[in-house]
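Remarks on the structure that follows.
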Amino acid sequence: MKFSIQPVLENQEYQLIPLQQGDFECVYEVASDPRVWEQHPNKDRYKREVFENFFKGAMESGGAFKIIEKSSGDVLGSTRFYNFDEAENRIFIGYTFYGTKSWGKGINPQVKKLMLDYIFQFVDKVHFHIGKENFRSQTALERIGGKKIAEEEVAYFAEPTRTNFVYEIKKENRS
């Protein structure tokens, strides 16, 4: 099946725009706050040299986005589609982060809805890797219907392997 994992997606308030090499500085500005990464598996991603690897992995994934607030034009964070599995009819959404000014404002559910509404035209299941200590993201996924189905070791791009929970949302279970 052929489909883009990097379309432009948008609603009234937010746009997901395919990440470009020239976006490094504006995305890093959001990522450079240590609080953004305090519950993530790699707590050092706020450091420029560590984030450079993260960004390189985002670019190589071919499915990464910058998240833009339409009213201000501000970059709020980043997310991506990755690891499409045609045999399983499944894809992952993840590597999502937001700057602290975006926390608690209902942005993530809107962004995930945009992504899920789009990708469920092509797949039946979406999986998410969430660090076992990332309670904020676990709660966020459960609020939008994610079910924890597994625990696995994940080797992030140019980073050590970390224990993650795997969450799943099935197309048939969405309302």
Flagged in the range 34-51 as in contact (Cβ under 8 Å) with a residue 24 or more places away in the chain, part of a helix (DSSP H, G or I) and touching a Phe, Trp or Tyr at 6+ places or on another chain (Cβ under 8 Å), in numbering order, are V36, W37
For V123, the lone unmet condition from (1) touching a strand residue (DSSP E or B) at 6+ places or on another chain (Cβ under 7 Å); (2) modelled with pLDDT under 95 is (2)
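In the list G106, G73, which residue meets the criterion of being farther than 20 Å from P41 by Cβ, within 16 Å of the chain's Cα centre (by Cα), exposed (fewer than 13 other Cβ atoms within 10 Å of the Cβ) and not acidic (D, E)?
Numbers: G73 fails: within 16 Å of the chain's Cα centre (by Cα).
None of the other options fit; the residue is G106.
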Only one of Y118, Y156, Y167 is in contact with a Pro (Cβ under 9 Å, 6 or more places away or on another chain) and either open to solvent by less than 30 Å² (accessible area, probe 1.4 Å) or of a type in the set (A, V, I, L, M) (or both), namely Y156
Quick count over the range 76-90, residues being surrounded by fewer than 16 Cβ atoms within 10 Å (Cβ to Cβ) and hydrophobic (A, V, I, L, M, F, W, C), is 1
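Pick from K2, K56: which is of a type outside the set (S, T, Y), open to solvent by 60 Å² or more (accessible area, probe 1.4 Å), closer than 18 Å to Y82 by Cα and part of a helix (DSSP H, G or I)? Break it down into steps so the answer makes sense when it comes.
Details: K2 fails: part of a helix (DSSP H, G or I).
K56 is the lone residue from the list that is of a type outside the set (S, T, Y), open to solvent by 60 Å² or more (accessible area, probe 1.4 Å), closer than 18 Å to Y82 by Cα and part of a helix (DSSP H, G or I).
Taking K112, is it out of contact with any Gly (no Cβ under 8 Å at 6 or more places or on another chain), under 28 Å from E25 (Cα atoms) and either surrounded by 20 or more Cβ atoms within 10 Å (Cβ to Cβ) or among the polar types (S, T, N, Q) (or both)?
Working: out of contact with any Gly (no Cβ under 8 Å at 6 or more places or on another chain): yes; under 28 Å from E25 (Cα atoms): yes; either surrounded by 20 or more Cβ atoms within 10 Å (Cβ to Cβ) or among the polar types (S, T, N, Q) (or both): yes.
Judged against the criteria, K112 is a match.
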Restricted to the range 9-33 and to residues being over 15 Å from the mean Cα position of the chain (by Cα) and part of a loop (DSSP other than H, G, I, E, B), the residue surrounded by the fewest Cβ atoms within 10 Å (Cβ to Cβ) is Q12
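The values are calculated or read from the model by the stated rules, or taken from the named source; none is laboratory data. Predicted model, so just to flag it, every value in this text is computed and none were measured. Cβ coordinates were reconstructed from backbone atoms using ideal geometry, including for glycine residues, and neighbour counts include every protein chain displayed. The protein model used for the area step is the full one, side chains on, heavy atoms only, and it has no ligands, DNA or RNA in it. Shrake-Rupley method; radii C 1.70, N 1.55, O 1.52, S 1.80 Å.
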